[in-house]
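The values are calculated or read from the model by the stated rules, or taken from the named source; none is laboratory data. Please read all numbers here as calculations on a predicted model, not as lab measurements. Glycine gets a Cβ as well: all are built from the backbone with ideal geometry, and neighbour counts include every protein chain shown.
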Amino acid sequence: MIKTLTIIGARPQFIKAAALSRAIKNSFSHRIRELILHTGQHYDENMSDVFFKELQIPSPDFNLNVGSSSHGVQTAQMIEGIERILIAEKPDCVILYGDTNSTLSGAVAASKLHVPVVHIEAGMRSFNKSMPEEINRIICDHCSTLLFSPTKTGINNLIKEGFNVNNKPPFTADNPGVFHCGDVMLDNTLFFSKTAKTNTTIIKQLGIENRKFVLVTIHRPVNTDDIKRLMSILKALISLAETKDINIVIPLHPRTSKIIQYIPDISLKEKLSQNDKIKLIPAVSFLEMVVLEEASSMIITDSGGVQKEACFLNKPCIILRQETEWVEIVESGCAILVDADEKRIINAFSQLNDIRKFNFPDIFGDGKAAEFIVNEIISCFGRL
């Protein structure tokens, strides 16, 4: 039996891991034993524990409880803890997701011990190396034995970096297997959207039944840690609420919620808290997020995952970043990049709000990415 070690530490990774864990449990439990290591990168209960319960992810076999600290300290502690577990458990491969410090740490620890790395969501590039995520994903890709890209753009990015998509097994870090598999997030959205409405009451709780509203998420450090950028975004949202007669729902990431308290503009904070069309709520679960996304008329976000979910659910999207890894969504006209610019956010809302029909791109596969990935893992490591 193949032993895999899945390393996760942040909310998007919990969600992505659910698809693979579900596929293993339903169809491959006789071939794969999956161990789960939680680094503790996200340690707030609403951002961690609830996701394991709600998404039916097995409880972690290991938890490093690293918590929040500087990139260097956090990554060093993760590498040390992951290395210890790799030596003790001797897995056939390590499964990593996305581009967080947990991803980077898993790639470095595993590659140093010559444990094969499987990278899910490989090939994604923003072409902005000032983003920690860009460094993390590049390093992980170049340490990996199996690379699974959700889009053809991701495959093309890997080809430009020297990867050979025609490599033949046996696959190694020097002869990696590169696959276009579709997106595991689409697997999850399709699976959970069927049950989300009956298992959550978030719409009723917020009192927005049958009301048009815009869903907003802000969590990236580039937007939350720069007060001027955060204020510009919030000013735009207040203006939209005041002039466009729309409701705005903002589930607050713990980081965002904390930093808003330190905004020096008292008037801005008062407008934000006292406007009855703006609902600031605590971080929501994945099922609640799916329900909010489905019920919204538009999504404004700096999250890569939420951008994709907007596309899955046919919702126009305003992206609060300078660039995006999901260029196809922007190229289709279904999303607009605005950075943290107040005027551009307002203009993008008007532009998207005036469009009557969108042509959402069909680029993320058929909802069976997890099954494809597990089959390739078995094909590769079943040879051992």
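Surrounded by fewer than 17 Cβ atoms within 10 Å (Cβ to Cβ), within 19 Å of the chain's Cα centre (by Cα) and farther than 18 Å from residue 241 by Cβ: is that true of residue 323 in this structure?
Yes; evaluated as a whole, the condition is true for this residue.
Identify the single condition in (1) closer than 23 Å to residue 187 by Cα; (2) in contact with a Ser or Thr (Cβ under 7 Å, 6 or more places away or on another chain) that residue 136 does not satisfy, given that it satisfies every other one.
(1)
Quick check on residue 284: is it surrounded by 18 or more Cβ atoms within 10 Å (Cβ to Cβ), modelled with pLDDT under 95, closer than 19 Å to residue 185 by Cα and touching a strand residue (DSSP E or B) at 6+ places or on another chain (Cβ under 8 Å)?
So residue 284 fits the description; yes.
If a residue has to be of a type in the set (Lys, Arg) and either assigned to a strand (DSSP E or B) or touching a Lys or Arg at 6+ places or on another chain (Cβ under 9 Å) (or both) to count, how many in the stretch 64-115 make the cut?
1
In the stretch 225-280, which residues are closer than 21 Å to residue 349 by Cβ and polar (S, T, N, Q)?
Across the stretch 225-280, the qualifying residues are 232, 239, 243, 247, 256, 275.
Any idea which of 195, 189, 153 is outside any loop (DSSP other than H, G, I, E, B) and surrounded by 23 or more Cβ atoms within 10 Å (Cβ to Cβ)?
Testing whether each residue is outside any loop (DSSP other than H, G, I, E, B) and surrounded by 23 or more Cβ atoms within 10 Å (Cβ to Cβ) leaves just 189.
Of all the helices (runs of 4 or more DSSP H) wholly in the stretch 199-261, which have at least 3 residues that are out of contact with any Pro (no Cβ under 7 Å at 6 or more places or on another chain) and small (Gly, Ala, Ser)?
Counting at least 3 such residues, we get 227-243.
Kindly establish whether residue 2 is of a type in the set (Val, Ile, Thr), more than 19 Å from the chain's Cα centre (by Cα) and surrounded by fewer than 21 Cβ atoms within 10 Å (Cβ to Cβ).
yes
Mind counting the residues in the stretch 119-132 that are buried (at least 22 other Cβ atoms within 10 Å of the Cβ) and out of contact with any helix residue (DSSP H, G or I) (no Cβ under 6 Å at 6 or more places or on another chain)?
2
Out of curiosity, is residue 306 buried (at least 19 other Cβ atoms within 10 Å of the Cβ), within 21 Å of the chain's Cα centre (by Cα), modelled with pLDDT of 95 or more and within 24 Å of residue 184 (Cβ to Cβ)?
Answer is yes for this residue.
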